[in-house]
1. Roughly to the nearest percent, how much of the accessible area of the chain is carbon and sulfur, given a 1.4 Å probe?
2. Given R₀ = 30 Å, what would the calculated FRET efficiency be for residue 121 paired with residue 305, taking r from the Cβ atoms and rounding to 0.05?
3. So for region 1-160: antiparallel DSSP bridges make up what percent, rounded to the nearest 5?
4. Anyone know which of 174, 36, 329 comes out most mobile in the 10 Å Cα GNM of the chain?
5. How would 49, 275 line up by accessible area, probe 1.4 Å, largest first?
6. Which option, (i) 63, 49, 44; (ii) 63, 53, 39; (iii) 61, 46, 39, is the value of Cα extents along the principal axes in Å that was calculated from these coordinates?
7. What's the extension gain from residue 18 to residue 265 if we count 0.36 nm per residue and subtract their Cα-Cα distance?
8. In region 2-48, what trypsin sites (Lys or Arg not before Pro) fall in a loop by DSSP, with at most 15 other Cβ atoms inside 10 Å?
Amino acid sequence: MYTRTIDNPPKKILVKGLPVFGTFLAPPNKLDIKNLKKPFSIMPLPRFITNSRIRGSIEFFFNTDTHAGTIDIVHLGFVCFAETNFWEKSNGKKFSYRSLIPWRKIVPHHLDQGICFSFRNKRYFRMSWDHIEQSFSFVFNYEGDSVRPNAVGAFKSDNNKTWAMLTSVIPFPLKNRCSAVHVSSMPIAGSLSTDATKKNTPSSDFIGQGLFSMRWAFYSLRTKKSIITGFGEWNNKKISFRIVLGSSEPVDKNAYNENVLFVDEEATPLPPVVITRPQGIMGVWVIQDTESMIDVSFKAFADTKRTLSILLLRTEYHTMYGQCEGNLLTKNGEEIPLKHFTVIVKKHSLRL
């Protein structure tokens, strides 16, 4: 059965300008790949040029009895973009809020303690985390318009020792570049309401599951990536998983990838996968590996598509909400059946 070594985290991801590749159980203090030595395998370039090709992002996924959703905060060098999507599970109704934040760098590098915020009047949010004390907080207050209601939300995970974490530093296929990504799975409590739900629901307090992710990576001129994040319960255990497939995968995908299964506080590294979509993007996705650890099918209920064009930059993002069925194996050989698990899929295409 597939295995991948999980090491203790290094003090720094880069040592003398060279990355420390691997999979790590705990997060390093900083997720920082700036000043990488010769990232483009050509004559040395000024650091401000090579560092300008690094992009950062933060994701937070949540799943409750009533709602599922995701918050994305993306650093694109000279501008930041934030988007929140969530769905009512009872009827599949979607709520989407976007914000462009020019000339600010709001995605930090610190994992031990960090904060990310925007105080824009119509799109206020504040996210903070402490991986030492294992606490997390995210609050937002979004003003609606003619097509969307006002929305207010608060998520919190405090001093709870059932967090599960994994950090991966992954090489690029042919160049000296790399990507670094950290994932934390946690129980959450909080509340979420809109003008529409306030009319029908006196209280929207909840207890659910959350997943926090931070990524800093070099990006090629053309990049494609699919990220599949799922939540559910089995045998009174909290289950979450994350499967990633993209155009910048390393040559040795078995040794270096970021796929992971969390069962309560235990992390199982998962093998690389192949994704097929015989019926198109809104049809059934089949996700499988060669080690018989992953056999999952996903069906989307809704798709949120956005495009962004700024000068030479063009992006196309799909954020899909749905459910999956199938099976996953833990590193101990325990089979976990996935029955009506909530899944959020992101399919990204980036052209610089």
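The values are calculated or read from the model by the stated rules, or taken from the named source; none is laboratory data. Note that this is a predicted model, so its numbers are computed, not measured. Glycine gets a Cβ as well: all are built from the backbone with ideal geometry, and neighbour counts include every protein chain shown. Just the protein is used for accessible areas: all its heavy atoms, side chains included, with ligands, DNA and RNA removed. Shrake-Rupley method; radii C 1.70, N 1.55, O 1.52, S 1.80 Å.
1. On the way: 8250 of 16020 Å².
Summing carbon and sulfur atoms, their accessible area is 52 percent of the total for the chain.
2. Details: r = 27 Å, r/R0 = 0.89.
After rounding to 0.05, the efficiency reads 0.65.
3. Values: 51 of 53 bridges.
Just about 95 percent of them are antiparallel.
4. 174
5. Values: 49 70, 275 30 Å².
From most accessible down to least: 49, 275.
6. Answer label, from the structure shown: (i).
7. Details: separation 247, 0.36 × 247 = 88.92 nm, distance 3.11 nm.
Result for the pair: 85.8 nm of gain on full extension.
8. Numbers: sites: 4, 11, 12, 16, 30, 34, 37, 47; in loops: 4, 11, 12, 16, 34, 37.
The qualifying sites are 11, 12, 16, 34, 37.
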